[in-house]
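The next block holds one structure in the form of structure tokens; read it before the comments.
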Amino acid sequence: MAGGGDVSGCGCKGIRSCLLCEAAGRELLKESPQTKSFTYIPKKGIALGVENTDSAGWWFSYPGVCLIEDFVTEDEEREMVHTMDLDDWRLSQSGRRKQDFGPKVNFKKQKIKVGSFTGLPNFSKVLWERMKTHLVLEGFLPVEQCNLDYNSDRGSAIDSHYDDSWLWGERLVSLNLLSDTVLTMTNSSTDILQLFSSANLSGEPTESLNLNGKYSSHLNNAQCALQDSAPHSGTQTALVPCSEVEVAICLPRRSLVVLYGKARYSWKHAIHRQHIKQRRVCSTFRELSAEFMPGGTQEKLGQMLLEIALGFQGKSV
């Protein structure tokens with residue numbers, strides 16, 4: 001199944017579905033909870049209430065996200081996707097296709113098989129060297145890469161989820177190619193979130209987002225260590241459960257997004273079907289958890305995995 005034009009077949013299992021299996025009669029009930037909608041504002045590191053909703057006029061601090069626009073050039077994007085399409089794409093859940101460059105892992109049993117793992121693909125070496133020039137990715141050692149192919153004809157999506165934290169470490173890094181999309185963040189916790197009135201927000205946000213995924217920004221890519229905006233004395237506040245809030249992070253084409261801290265561990269992330277307007281390809285890179293790094297109980301295995309990964313001679317498994 002090499003190449004970008006083939007959208008036949010379905011890889012859905014369990015509660016997952018895509019347009020292809022739904023057209024064949026598969027129906028699944030999906031909850032549609034009432035949520036308060038916010039937009040992530042990169043320059044300020046906050047989530048701002050969406051206009052014309054009951055969230056309008058409110059904001060809250062949203063740490064743990066770094067968005068780097070134009071991380072690759074158009075020529076680099078074209079060459080990378082061409083290289084991926086020369087390899088096989090395997091069917092995956094919810095209308096996606098995938099290529100895995102990493103060890104085989106049974107997360108439930110916490111077992112790892114190194115056998116067929118030959119490392120990250122050659123073209124990713126230049127990406128890794130570029131990642132390390134950004135403060136938020138200092139010391140980042142990618143041990144796994146997953147390429148995902150989304151297509152609107154399939155109704156491709158990825159359900160809200162947390163990434164594993166037994167094997168994978170602090171930072172999740174994803175390169176967004178071929179089209180803009182929206183990463184939707186949700187939190188199932190009943191913890192209380194404090195909102196602040198945007199009437200007292202210092203300075204006006206300069207980014208805008210609508211729910212079709214269009215975004216404009218002039219983010220300085222070198223300034224990724226975002227500072228929390230501080231509310232003024234006397235600012236009007238409100239309290240809501242975290243479970244009633246969702247945050248939309250727009251991912252422009254050719255941008256790199258890093259999730260860490262609370263955005264990594266406390267908030268689930270998803271790509272909804274309505275935010276895939278045309279073909280989208282992404283490459284997600286993960287690092288090892290402390291257990292597999294120097295001083296950890298699985299240090300030797302971690303060192304072996306890194307030596308393989310950073311040889312950049314990998315074939316998808």
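Quick look at the values:
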{"item": "Which listed residue is among the aliphatic types (A, V, I, L, M), modelled with pLDDT of 95 or more and within 20 Å of Asp54 (Cβ to Cβ), from Val258, Val173, Val245", "result": "Val245"}
{"item": "Residue check, Gly203 open to solvent by 50 Å² or more (accessible area, probe 1.4 Å), modelled with pLDDT under 95 and on the phi > 0 side of the Ramachandran plot", "result": "no"}
{"item": "Positions within region 291-317 being open to solvent by less than 60 Å² (accessible area, probe 1.4 Å) and either among the small types (Gly, Ala, Ser) or assigned to a strand (DSSP E or B) (or both), in sequence order", "result": "Gly296, Gly302, Ala309, Gly311, Gly314, Ser316"}
{"item": "In region 148-182, the residues that are open to solvent by less than 30 Å² (accessible area, probe 1.4 Å), of a type in the set (Ser, Thr, Tyr) and over 16 Å from Leu259 (Cβ atoms)", "result": "Tyr150, Ser156, Ser179"}
{"item": "All positions within region 59-82 that are at negative phi and either among the acidic types (Asp, Glu) or open to solvent by 50 Å² or more (accessible area, probe 1.4 Å) (or both)", "result": "Pro63, Glu69, Thr73, Glu74, Asp75, Glu76, Glu77, Arg78, Glu79, His82"}
{"item": "Region 274-290 residues that are farther than 12 Å from Asp149 by Cβ and assigned to a helix (DSSP H, G or I), paired with ones that are open to solvent by 10 Å² or more (accessible area, probe 1.4 Å) and not basic (Lys, Arg) (beta carbon under 6 Å, 6 or more apart)", "result": "Ala290/Gly296"}
{"item": "In region 92-147, the residues that are loosely packed, with under 13 Cβ neighbours inside 10 Å and touching a Cys at 6+ places or on another chain (Cβ under 7 Å)", "result": "Leu135"}
{"item": "Enumerated strands (runs of 3 or more DSSP E) restricted to region 49-108, each holding at least 1 residues that are closer than 26 Å to Ser266 by Cβ and touching an Asp or Glu at 6+ places or on another chain (Cβ under 6 Å)", "result": "58-61"}
{"item": "Hits in region 36-58 (condition: open to solvent by 30 Å² or more (accessible area, probe 1.4 Å) and closer than 25 Å to Thr284 by Cβ)", "result": "Lys43"}
{"item": "Of all residues making up region 60-76, the number that are more than 20 Å from Leu172 (Cα to Cα) and charged (D, E, K, R)", "result": "3"}
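The values are calculated or read from the model by the stated rules, or taken from the named source; none is laboratory data. Just so it is clear, the structure is predicted and the values come from calculations on it, not from any experiment. So basically every Cβ, Gly included, is an ideal-geometry build from the backbone, and we count neighbours across all protein chains shown. Surface accessibility is based on the protein's heavy atoms, side chains included, excluding ligands, DNA and RNA. Shrake-Rupley method; radii C 1.70, N 1.55, O 1.52, S 1.80 Å.
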